[in-house]
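Here the structure comes first, spelled out in structure tokens, and everything after it is commentary.
The values are calculated or read from the model by the stated rules, or taken from the named source; none is laboratory data. Keep in mind that this is a model prediction, so the values were computed, not measured. No Cβ is skipped: glycine too gets one built from the backbone with ideal geometry, and neighbour counts run over all protein chains shown.
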Amino acid sequence: MNLLLRYSSRAAVICMLALKTFTADAQSTVIPIETKNNAIVLRVGDDKRLSMVYFGGKLANQSEYSAVPKVTKLDRYDNVYNSAYTTSGTHNLLEPAIEVTHADGNKSLELQYVSHKFTKLNDDVSLLSINLKDSLYNFEVTLNYQTYFNENVTEQWSVITHHEKKDVVLNKYASANLYVQADSYWLKHYHGEWAQEMRPEDEQLNHGIKTLDSKLGSRADIFQPPVFMVSLNKPAGEDDGQVLYGNLEWSGNFRIDLEVDPANGLRLIAGANNYAANYTLKAGVAFETPKFVYTLSNKGKGEASRNLQSWARKYKIVDGQGPRLTLLNNWEATYFDFNDAKLTALLKDTKTLGTDLFLLDDGWFGNKYPRNDDHAGLGDWQVNKAKLPNGIGNLVKVAKENSVKFGIWVEPEMVNPKSELYEKHPDWIVKQPNRPEFYMRNQLVLDLSNPTVQNFVFGVVDKLFVENPDLAYIKWDCNALMYNAYSPYQKNQGNFYTDYVRGLYSVLDRLRAKYPKVPMMLCSGGGGRVDYGALKYFTEYWPSDNTEPIERVFIQWEYSYFYPALASSNHVTDWGKQPIKFRTDVAMMGKLGFDIVVSKLKPEELAYAQGALKTYKEFSEAIWHGDQYRLQDPRTNDAASIMYVDSAKNNAIMFNYLVNNRYQAGSHLPIKMKGLQEDKQYEVSEVNLMPGHNSSIAAATYSGKFLMTVGLNPDVRDGRNSVLIAVRGK
Ligand code: DGJ
């Protein structure tokens, strides 16, 4: 149960008497926020300022939280360094969480505690809301901490309102302001580019500010995703060390400041990026920031990942506890070059292969400007009559006749200059009025801050469902970032970046209200837009266009720190030179799909792929909803190893890959499994072999204790570069 304790000055004295160890702080109110393993302790000082005095492992005796401020006291600047929401323009000289320009032009803000309210939403979820007000201006902020007790996860956001005589401008408006104290801080963050997503970098944080941010507008994380981890005192291992994971739930510009202050504390300020985004706020309107989600583990990265993954499945991703559809996609099989006959053949191949769904990708629309390549047609969502004279409805029908489902690709936020939409509605497009246009992938972004454009985008997707009630899947792409960020609709351009994302979410809210569970893939020219703000509306995401399997082992590995496997759309394609077995085995570590020409497979390759789909079905419960354990890191080993265990600890699967091609590279020692039941017997055998191939591993039965203590060598080496081990409980 989540607990909130408030210690009045009298209660604090009583605590002091009971504990006898600490001197009571007669003036302070202490507000602990607990999850299963952790506690955040907030303190209201005698000056009514709110600070965060503790974030770490929780105490057995809740009354001891009142003593925390005594031992964690900083110095004469106390209440500034560790402010729970740092203001600006008064006595704070450090990085603020909030910066405002009042109606009269004054830029000072001093927030004081007024009240707090604790609401238990269910057995697991609680919400603490703390109201803060400025004493001079009619300006207030409510800090919200929503805790997920069993998952050790907190979502934090702020709601800003004012009742001043004129508009107020918000110059900075963070979601969360955390304060952590440790000897040293070790940051792991990511950079990337198209097909190079999630490249990690590790560094020790020194004094000063390290900022992780994005200024790309849409597809915000192509260069830098909004996920990171900070280890405290030493770099955390998979099963040891204290580590904090964070992710801003926002599909637009973000900014995460990590400041090691003069007292050696870590001030973490996360929110939407205020770059070119001074937000004009009317009196009486609540400005709600995005949520910042975080989890703290005292037992290393593995536990932190499992915390976030189970939280995401339970509370965030659409149908996170439901099944996923395997599919055949035509993108790399045909690109834009297809017609009814070709697609009918592919629909038959979908059945032959044994996947659940056929996904028709880009190129099915546009008539005046047919979408035959990426230069034209985007925005004109009418079926291309030359390619598909019988319409989408006919394809859905053929799919049904072949007992497979049908899904379709859209990119409704975008427009090619060569399109009817561009000709008809230049005022719907994000671009500078008097400057040359500048394109990414020959396209521009529609102005989703405009409600008329929101209606259009909603209508594009809604029409597909209305006309084709059996439509079973949407791939929602977003290939351009924003150049020339200017909205013809906005009066205050500073509101644009924020209102764009809000407009996008409003469209997605409407779609989800009407089609709550239809699977939708979040794609962005690869993984350019993966965050929990967007994933609230999607069942899965596209991690990268790079599907070369060795690359993919690394990319999926890094995503796995923050996102659950069932959300990772992994397609088998022809990228690279690895055999179909390696490509499929890697894709099976998430939501499996294929994007190959099935009719060109050799008989043994087809038989292998069909068998792999059966193996996938057998272990899908473990992969989709089980616990994931990263056993051996591809960055520091010849062989990468990762395993998934179902929640009953009955069925598990271990994936092993050779990621180094040097002489004699391989798995030379047994790899210790994790997550099994010690006293249970498991039958262990290699699965997913190519037809006619034998395993070098004899099937045998071992106890869970044996597999987790001694381990098992998957015998990964040249010639066996991809090895799947089934672990079946007896
Ligand atoms: C980019 C996506 O990442 C690809 O999978 C494909 O859908 C293309 N867009 C289509 O234009």
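Points to keep in mind about this one:
- Applying a threshold of 6 Å to beta carbon distances and a minimum spacing of six or more residues, or different chains, the list of pairs starting in segment 476-489 at a residue that is more than 16 Å from the ligand (Cβ to nearest atom) and ending at one that is hydrophobic (A, V, I, L, M, F, W, C) reads MET482/VAL430; MET482/VAL445; TYR483/PHE438; ASN484/PHE438; SER487/PHE496.
- When segment 449-499 is filtered for residues that are small (Gly, Ala, Ser) and either in a helix (DSSP H, G or I) or within 24 Å of the chain's Cα centre (by Cα) (or both), the ones remaining, listed by number, are SER449, GLY459, ALA472, ALA480, GLY494.
- Qualifying residue in segment 498-510 (condition: outside the structural domain of THR289 (by TED's automatic domain parsing) and within 16 Å of the ligand (Cβ to nearest atom)): no
- Subset of segment 329-346 that is in a loop (DSSP other than H, G, I, E, B) and among the polar types (S, T, N, Q) - its residue that is nearest to the ligand (Cβ to nearest atom): ASN330
- Residues in segment 396-443 that are over 33 Å from the mean Cα position of the chain (by Cα), more than 16 Å from the ligand (Cβ to nearest atom) and either under 19 Å from ASN339 (Cβ atoms) or in a strand (DSSP E or B) (or both): LYS397, VAL398, GLU401, ASN402.
- Here the condition is being closer than 17 Å to ARG529 by Cβ and either surrounded by 21 or more Cβ atoms within 10 Å (Cβ to Cβ) or among the charged types (D, E, K, R) (or both); of VAL293, VAL230, it holds for VAL293 alone.
- Residue match in segment 421-443 (condition: within 23 Å of ASN479 (Cα to Cα) and among the hydroxyl-bearing types (Ser, Thr, Tyr)): yes
- Answer residue from segment 316-332, given it is among the aliphatic types (A, V, I, L, M) and touching a Leu at 6+ places or on another chain (Cβ under 7 Å) and is surrounded by the fewest Cβ atoms within 10 Å (Cβ to Cβ) among those: LEU325
- One residue from ASP361, ASP373 being surrounded by fewer than 23 Cβ atoms within 10 Å (Cβ to Cβ), within 16 Å of the ligand (Cβ to nearest atom) and over 21 Å from MET520 (Cβ atoms): ASP373
- Pairing residues of segment 198-211 that are exposed (fewer than 10 other Cβ atoms within 10 Å of the Cβ) with residues that are of a type in the set (D, E, K, R) and modelled with pLDDT under 95, at Cβ distances under 9 Å and at least 6 apart in sequence or on separate chains, gives HIS207/ASP261.
- Taking first residues from segment 156-172 that are farther than 18 Å from ALA277 by Cα and partners that are part of a strand (DSSP E or B) and β-branched (Val, Ile, Thr), the Cβ contacts under 7 Å between residues at least 6 apart in sequence or on separate chains come to HIS162/VAL168.
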